[in-house]
Amino acid sequence: MAAPDSSITPAAPLVAPPAARRLRWLGDRGLAGLFVSPALALLLFLSVFPLLWALYLSFTDYSATRDTPAQWVGLDNYLDILKSSAVHDRAITTLVYVVGAVGLQTVLGFSIAYLISRRVRGRGLMTTLFLTPMMLSPVVVGLFWKFMLDTQFGVINSLLGSLGFGQVEWLTNQRLALLSLVIVDTWQWTPFIMLIALAGLTAVPRYLYEAASIDRASEWFRFRHITLPLVWPLLLIAILFRAIEAFRLFDLVYILTQGGPGVSTETLSFHVYKVAFLGFDTGLASAYGILMVIVVIILAQFYLRYLDRLREG
Amino acid sequence: MHPGTKRWRRKAATAATLAALAAAVAACGSDDDSGGDAAAGGGEAAPGAVPALSDKPIELSFLWFEWPPAQALEDFANEHYTKERPNVTVKVNTVPNPNWHDAIFTQFAARKTDFDIPILDSQHIGEAVTNGNILDLTDFVNENIDTDAYDPYLLAAYGQYPQAETGQRDPDAKMYGLPLLGDTWTMVWRKDLMGDEPPATWDDMIAAAQKCQDENPGMSGLAFHQANGSDAAAVTYNTVNGVYGGELWTAADKQIEGVINNEAGQKAMDVLVNQMKPLAPKGSGNWFIDEVNAAIGQGKVCVGFNWIAAIGGLLDPEQSQLGKTPEAIEKKLGFAALPGQDADVVPLGGMGMHVSKYAPSDDQAEALNFIKWFEQPEVQKMWAAAGGVPARTDALESPEFLEANPWNKVYAESVPRLRDMWNVPEYAKLIDIENTNVNAALNGAKDPEQALNDIAAEQQKVLDASGGGLE
């Protein structure tokens, strides 16, 4: 055994550097709170306070432009809205729009994702190209579609004309105007559904398909019993996001139809805008907005419970 | 620490936060209560004389909507006004037409404006005055403006509140603005296809448009405003209503029901929907100023109706397919005052200048000085030569104006025939009701008679409620 080398000086014992001086009253939780407080203050200032302020206004007859004090009117604003036939009409228009647009986007988005997921070459490029509409501002999208859909000057009718079809009144025909909104929204937001669905499809374990192949399962069987059940929860999340977005549609209506012909494409959000900024009935508009938030929260709760059950089942 | 104590502390902290927020809400609410002295509306009064002007650099800002006169005003003011006030730069900010009312009144709602001179549509005056958003210019007008130099109705329409009877001015009423730009509709017709003489009556005009459409395949007879936004479809109906002897309301007792939808009103709606609309191009149900100009410039229509201040581009060869020079285009297009029928009225367009109550005092003084400068006879003539439509009678009759554009004589002829809408505080709601219903009738979404009756009932409800309500 070799004798220990006495020339090597023993290492100094490891000593932790002195801890930063901390105030005795500032515990870990306090410090955490201190770090979180700026974000919390911003959230309170930008989200919670306006919400509470709108809630307060919703019980008054306040008008933002009139220099008169707000008078407490209790639930009058809420009752006016719930009893208004104009609001019922806009609710139906909004419902038709949401179901039509989100339904079409789901079918198309999932189909495109399914096709892309099966293709290996050029998949990245195709995905990027498909995502382009989603990256554009809705106002820009609305403006160029307005030009494209114009009956007299638009490229769509010009194209249809060259194919021998007649002129279509996309934005001024009562039956077609809402469909046009659905088409434009679908053009822009189908990629969102596609993206989520693609993520779900990519995550399906390959061995399940291999096992199904060994069992000689048909293409439909594989889709019905492997692909769809595994992608469905993710797809439902995408549908939830899109439905909430579609429910508060404003920009496309404002740019493309101004709610017309007449009020046939006036959605709830567009109607709130008119109440708030044409008549400046701020109290009434606040109640209208609060009711819309409540409706979205209730529907989202039902939806999330269904999702939970799906996950547990 | 006991977990129960922790929970209690958390609850207490949450309660304290909510209490603080509630206090903040209450504090904000109490701000409203302090606005009591302004509750009566009417705005603060501007001094009779222009106050001392600042020598510091000032940007005098306007807010208008995006159309050719806005740029013309900015160029004109920076070329001429700055000779008198070199430290001043004039900036005319613009927004899209449908945002015009919102852009101005949302800033009024914030009690802080980034404009000194809001350019209001004549019908917006009531809302701005009632809310106390603009200065009372009565003393200023009395001391600085030669009111006899104007057609009384032009002064009344662009500045007076409460509203004047059509064609008149109440010299005792308060003034809140002065004219910036006069305007009305002109009829533009294809001289090369329909002859040099304009149709004499409205019925003749429809017949001539029908004939022209029949004789020229691919062309439509008429182009006019039908859109849902701004006041487009409503002005069209109001025009036809006036031509057939109808009235929009009786101002004295604020009566609309039974007035707008009387026999003359129903006749006007029938003519508009069943005689004029079939002559308009397919899909023109959302047309406004630009689309009508485009249809005329592209040779798609025989007769078009548009605001005079917006048709400058019609003679521009770069925007027209009717000729390669303005002279060549002018040989094909004629401009005339609207034909009458049972009555002889035309729509009043144009806007007035007002002074924001919320502008800094130096800017308010500069705004008053600008208005005083602008209303001088020689400046009005220069404005006419620069493409503007002045309001002073001497400027309207001057060669500078009459020879500046072929349509200027149309305006000069139309001044005694002008009729405005309501300028009450509920204007925005009234116009929306009329716009949506007329647009619905024009696009087949509503029976025309039903649309007019709905207009009457809904507008009356708004006036009776004097404000709130869902329409």
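Results, tabulated for the structure shown:
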read-out	value
Hits in region A:54-94 (condition: more than 7 Å from chain B (Cβ to nearest Cβ), surrounded by 17 or more Cβ atoms within 10 Å (Cβ to Cβ), β-branched (Val, Ile, Thr) and over 15 Å from residue A:287 (Cα atoms))	A:93, A:94
Residue list for region B:261-320, restricted to those being among the small types (Gly, Ala, Ser), part of a helix (DSSP H, G or I) and within 12 Å of another protein chain (Cβ to nearest Cβ)	B:284, B:285, B:294, B:295, B:297
Pick from region A:132-146, criterion within 18 Å of residue A:260 (Cα to Cα) and not hydrophobic (A, V, I, L, M, F, W, C), ranking: nearest to the other protein chains (Cβ to nearest Cβ)	A:146
Filter result for residue B:404 (over 24 Å from residue B:134 (Cα atoms), surrounded by fewer than 22 Cβ atoms within 10 Å (Cβ to Cβ) and out of contact with any Gly (no Cβ under 6 Å at 6 or more places or on another chain))	yes
Single residue of region B:113-124 satisfying the filter (away from chain A (no Cβ under 14 Å) and closer than 14 Å to residue B:178 by Cα) that is farthest from the chain's Cα centre (by Cα)	B:117
Failed condition for residue B:33, given (1) at pLDDT below 95; (2) more than 9 Å from chain A (Cβ to nearest Cβ)	(2)
From the options A:128, A:94, residue that is modelled with pLDDT under 95 and polar (S, T, N, Q)	A:128
Residue in region A:75-84 that is out of contact with any helix residue (DSSP H, G or I) (no Cβ under 7 Å at 6 or more places or on another chain) and of a type in the set (Val, Ile, Thr) present	no
Members of region B:81-100 that are assigned to a helix (DSSP H, G or I) and buried (at least 17 other Cβ atoms within 10 Å of the Cβ)	B:81, B:97, B:98, B:99, B:100
Among the candidates A:186, A:227, A:202, residue that is within 18 Å of residue A:138 (Cα to Cα) and among the polar types (S, T, N, Q)	A:186
Check on residue A:303, within 11 Å of chain B (Cβ to nearest Cβ), assigned to a helix (DSSP H, G or I) and not acidic (Asp, Glu)	no
Count - residues of region A:140-174 that are touching a Leu at 6+ places or on another chain (Cβ under 7 Å) and over 25 Å from residue B:222 (Cα atoms)	2
Residue, nearest to residue B:300 (Cα to Cα), within region A:155-202, restricted to residues that are modelled with pLDDT under 95 and outside any helix (DSSP H, G or I)	A:167
Helices (runs of 4 or more DSSP H) wholly inside region B:125-169 that include at least 2 residues being crowded, with 20+ Cβ neighbours inside 10 Å and within 14 Å of chain A (Cβ to nearest Cβ)	B:125-130
Counted residues, region A:109-146 - those being within 18 Å of the chain's Cα centre (by Cα), under 16 Å from residue A:181 (Cβ atoms) and surrounded by 14 or more Cβ atoms within 10 Å (Cβ to Cβ)	4
Matching residues, region A:263-298, being of a type outside the set (A, V, I, L, M, F, W, C) and part of a helix (DSSP H, G or I)	A:269, A:271, A:273, A:274, A:282, A:283, A:286, A:288, A:289
The listed residue being of a type in the set (A, V, I, L, M, F, W, C) and surrounded by fewer than 17 Cβ atoms within 10 Å (Cβ to Cβ), out of B:337, B:343	B:343
Scan of region B:60-69 for residues that are part of a helix (DSSP H, G or I) and surrounded by fewer than 20 Cβ atoms within 10 Å (Cβ to Cβ), ordered by number	B:68
Residue, farthest from the other protein chains (Cβ to nearest Cβ), within region A:234-275, restricted to residues that are more than 23 Å from the chain's Cα centre (by Cα) and small (Gly, Ala, Ser)	A:264
So residue B:384, is it surrounded by 18 or more Cβ atoms within 10 Å (Cβ to Cβ), within 12 Å of another protein chain (Cβ to nearest Cβ), among the aliphatic types (A, V, I, L, M) and assigned to a helix (DSSP H, G or I)	no
Candidate set from region A:147-189 (those that are charged (D, E, K, R) and either surrounded by fewer than 16 Cβ atoms within 10 Å (Cβ to Cβ) or more than 9 Å from chain B (Cβ to nearest Cβ) (or both)); member that is farthest from the chain's Cα centre (by Cα)	A:175
Hits in region B:261-285 (condition: of a type in the set (S, T, N, Q) and closer than 10 Å to residue B:224 by Cα)	B:284
All positions within region A:290-303 that are buried (at least 18 other Cβ atoms within 10 Å of the Cβ) and within 17 Å of the chain's Cα centre (by Cα)	A:292
Of all residues making up region B:426-466, the number that are in contact (Cβ under 8 Å) with a residue 40 or more places away in the chain and facing another protein chain (nearest Cβ under 7 Å)	5
Unmet criterion (only one of (1) more than 29 Å from residue A:234 (Cβ to Cβ); (2) modelled with pLDDT of 95 or more; (3) of a type in the set (Phe, Trp, Tyr)) for residue A:110	(1)
Residues of region A:132-142 classified as touching a residue at least 40 places away in the same chain (Cβ under 8 Å) and in a loop (DSSP other than H, G, I, E, B), total	1
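The values are calculated or read from the model by the stated rules, or taken from the named source; none is laboratory data. Keep in mind that what you see is a predicted model, and the values were worked out from it rather than measured. Neighbour counts run over all protein chains shown; Cβ positions are idealised from the backbone, glycine included.
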